[in-house]
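Take a look at the structure below.
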Ligand SMILES: [Zn+2]
């Protein structure tokens, strides 16, 4: 009996290899429950102090040192997407177009440059999509809200599962519009251009 108790008490004081590694680590190690949007609240995450600035950053179980995302940002050059945005005077989706000719006469077929055709074609004219007006936008919102009201009434009466499903989906969609979040497909004027 006495032996058993002894063993038990020894077990409590024993530290795991992970804890040993954490104690040896020259940076602060902490385990925290998930709080961020991309973390599970019930899970525990290992944090370590950044070796440059000291702020806590999520690390893997085996990490022995970390440089936080902010310090990495400072070390590397500005992200390249700003560069790309500035240099490209091409319209959105140009590389999906069967043929696109830029203002210098470079010809692209589905985004692939055709050097032999350079200068043989007129630059593509891109119709700028017109945004819907403020009045149209507020009209869209109020119609959506009226629709939600009507659909909710319908939902209260609906019996079939498929009807309930459909109504719920439509309500969600219209509620989103009603709150001012207009889907991308509805933000622009429907242009009746006949491409002949
Ligand atoms: Zn840092």
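Tabulated results
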{"read-out": "Qualifying residue in the range 1-11 (condition: modelled with pLDDT under 90, part of a loop (DSSP other than H, G, I, E, B), outside the structural domain of residue 115 (by TED's automatic domain parsing) and more than 16 Å from the ligand (Cβ to nearest atom))", "value": "yes"}
{"read-out": "Top-ranked residue of the range 32-59 - restricted to ones that are away from the ligand (no atom under 12 Å from the Cβ) and farther than 21 Å from residue 19 by Cβ, ranked as surrounded by the most Cβ atoms within 10 Å (Cβ to Cβ)", "value": "39"}
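Conditions (1) surrounded by 14 or more Cβ atoms within 10 Å (Cβ to Cβ); (2) more than 30 Å from the chain's Cα centre (by Cα); (3) at pLDDT below 90; (4) at positive phi, marked per residue:
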position: 99; (1), (2), (3), (4): no, yes, no, no
position: 110; (1), (2), (3), (4): no, no, no, yes
position: 116; (1), (2), (3), (4): no, yes, no, no
position: 124; (1), (2), (3), (4): yes, yes, yes, no
position: 139; (1), (2), (3), (4): no, no, no, no
position: 144; (1), (2), (3), (4): yes, no, no, no
position: 148; (1), (2), (3), (4): yes, no, no, no
position: 160; (1), (2), (3), (4): no, yes, no, no
position: 163; (1), (2), (3), (4): no, yes, no, no
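The values are calculated or read from the model by the stated rules, or taken from the named source; none is laboratory data. Just so we're clear, the structure is a prediction, and the values are computed from it rather than from any experiment. Virtual Cβ from ideal backbone geometry, glycine too; neighbours counted across all protein chains shown.
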